[in-house]
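Taking it in order: structure first as structure tokens, then the write-up.
The values are calculated or read from the model by the stated rules, or taken from the named source; none is laboratory data. None of these values were measured; they are calculated from a predicted model. Heads up, the Cβs are rebuilt from the backbone with ideal geometry, glycines too, and the neighbour counts pull from every protein chain shown. Areas reflect the complete protein model, heavy atoms only, side chains present, ligands, DNA and RNA absent. Shrake-Rupley method; radii C 1.70, N 1.55, O 1.52, S 1.80 Å.
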Amino acid sequence: MTSPDRARLTIDLDALAHNRSVIAQAAEGAEVAAVVKADGYGLGAGPLARRLWTEGTRTFFVARLSEGEALRAELGDRDATIYVLDGLLPRTAERFDAARLTPVIATLPQAQAAVALAAARGRYEAALQVDTGMNRQGLSFDEVAALINAPGGLRALDIRLLVSHLGSATEPGEARNSQQLARFREAHALFPGVRTSLAASAGAFMGPDYACDMVRAGISLLGGGPEERPDPRLKAVATLTAPILDIRNLRPGDRVSYANAYTATRPMRIAVVGAGYADGVIRGAMGKGHAWAAGALRPLLAVNMDLLVIDLGEGQAAIGDPVELVGPHALVDDLAAAAGTVAHEVLCRLSHRAERVYRGA
Ligand SMILES: *Cc1c(COP(=O)(O)O)cnc(C)c1O
């Protein structure tokens, strides 16, 4: 293999399949639906979804209608159910029909529009999101009750799934979780027999009460731990590597990169690496995060647009050697913590400047 001239993003679909089975085991019999919004957290919704289909996934979630349309095209003639979390926005019903997408009703006006469609057509399929305490998407309990009592079309509204979303699932001990579960059960009592989905990745690991009939897994399919820290059961799906472009020696007092990046306090060896924030390495990880080089984690001294600098320590490395910026050693949750963000954002930012390679397609 010739050494690459630029960062390389390797997407390991075997690791994705592994993570899916870990989540399925944790969720104890619940269906594992895949959340592939934002183009599969930046990793490519099509390749992820096609491999997950092979592994048995039949239900997918996206955020935007346009993402649903793109995913339908990527899935070809596979008869998957695709839910759109934004729901039924005005004047979009025909696009839902054309791409065979199912809206997740998120507001009362959307619910009224769906009821009107059901009345006009005799039948309309949707998922219904209820707000159990996150105050972001979903109908309140009172709105749900009003919907139930709405005349006409409600009986024709074919609710395929009752959805809610946990606000504190990365902290399983938080009281808000059990409060949300209790409210979800109250809402479900109004829809006997309808399937339920409360948990995203984090909630999928909180036991069968939270797993309900279906979990909606996103970040943990991609290797992010359910509690925002590395989970050894999960494997990294995304690996970003970039070559060492230069190795330099510093004397005490030498300054590296722009203004405040780093000042050497001792003689040291640094490596200049051919990737930066334009490739998706979060600049906020500078001074706190680590990259994997020469067999160990090495401090990130500077992150610029095209280049970053690591402290090589005693590591033996040569120009052209790959440095892992995210992957099985430089874990996405650790990088996120160093940068003050979540693994989701680290992955979403991995840019298209890096060359993409899919393994296990
Ligand atoms: C993004 C999202 C998910 C997936 O969340 P992860 O933390 O990535 O597993 C599930 N449900 C809803 C409503 C979402 O917005």
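Could you go through the stretch 217-238 and let me know if any residue there is in contact (Cβ under 8 Å) with a residue 40 or more places away in the chain, part of a strand (DSSP E or B), more than 12 Å from the ligand (Cβ to nearest atom) and closer than 15 Å to V346 by Cβ. Yes, there is a match, as at least one residue in the stretch 217-238 is in contact (Cβ under 8 Å) with a residue 40 or more places away in the chain, part of a strand (DSSP E or B), more than 12 Å from the ligand (Cβ to nearest atom) and closer than 15 Å to V346 by Cβ. Residue count for the stretch 57-70, restricted to those that are free of Cβ contacts under 8 Å to residues at least 60 places away in the same chain and in contact with a Lys or Arg (Cβ under 8 Å, 6 or more places away or on another chain): 7.
Rundown of residues vs (1) touching a Leu at 6+ places or on another chain (Cβ under 8 Å); (2) surrounded by fewer than 18 Cβ atoms within 10 Å (Cβ to Cβ), yes/no style:
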residue	(1), (2)
M305	no, yes
A318	no, yes
D334	no, no
L350	yes, no
A361	yes, yes
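Within the stretch 187-207, residues that are more than 17 Å from L154 (Cα to Cα) and within 9 Å of the ligand (Cβ to nearest atom) have Cβ atoms under 8 Å from residues that are among the aromatic types (F, W, Y) and not in a loop (DSSP other than H, G, I, E, B) in these pairs: A199/Y210; G203/Y210; A204/Y210, counting only partners at least 6 apart in sequence or on another chain.
The condition of being surrounded by fewer than 24 Cβ atoms within 10 Å (Cβ to Cβ), more than 16 Å from M134 (Cα to Cα), in the same structural domain as A120 (by TED's automatic domain parsing) and within 13 Å of the ligand (Cβ to nearest atom) does not hold for G167.
Looking across the stretch 22-56, just one residue is over 20 Å from R78 (Cβ atoms), more than 14 Å from the ligand (Cβ to nearest atom) and part of a helix (DSSP H, G or I), and that is Q25.
Checking E69, E74 one by one, the residue that is within 30 Å of D14 (Cβ to Cβ), touching a Gly at 6+ places or on another chain (Cβ under 6 Å), in a helix (DSSP H, G or I) and open to solvent by 10 Å² or more (accessible area, probe 1.4 Å) is E74 and no other. Taken across the stretch 288-302, residues that are closer than 21 Å to P230 by Cβ, part of a loop (DSSP other than H, G, I, E, B), in contact with a helix residue (DSSP H, G or I) (Cβ under 7 Å, 6 or more places away or on another chain) and open to solvent by 50 Å² or more (accessible area, probe 1.4 Å) do occur, with at least one present.
Just one of the listed residues (D79, D86, D97) is assigned to a helix (DSSP H, G or I) and under 29 Å from E55 (Cβ atoms), and it is D97. Scanning for something under 18 Å from A63 (Cα atoms) and within 16 Å of the ligand (Cβ to nearest atom), does the stretch 111-125 turn up at least one residue? For the stretch 111-125, residues under 18 Å from A63 (Cα atoms) and within 16 Å of the ligand (Cβ to nearest atom): absent.
Looking across V104, V115, V32, V36, one residue alone is of a type in the set (V, I, T), touching a residue at least 12 places away in the same chain (Cβ under 8 Å), open to solvent by less than 20 Å² (accessible area, probe 1.4 Å) and under 30 Å from R353 (Cα atoms). It is V36. Considering A264, A259, the condition of being at pLDDT below 95 and more than 30 Å from E31 (Cα to Cα) is satisfied by A259 alone. Could you count how many residues in the stretch 1-15 are touching a residue at least 60 places away in the same chain (Cβ under 8 Å) and either more than 16 Å from G223 (Cα to Cα) or within 13 Å of the ligand (Cβ to nearest atom) (or both)? Number satisfying all stated conditions: 6.
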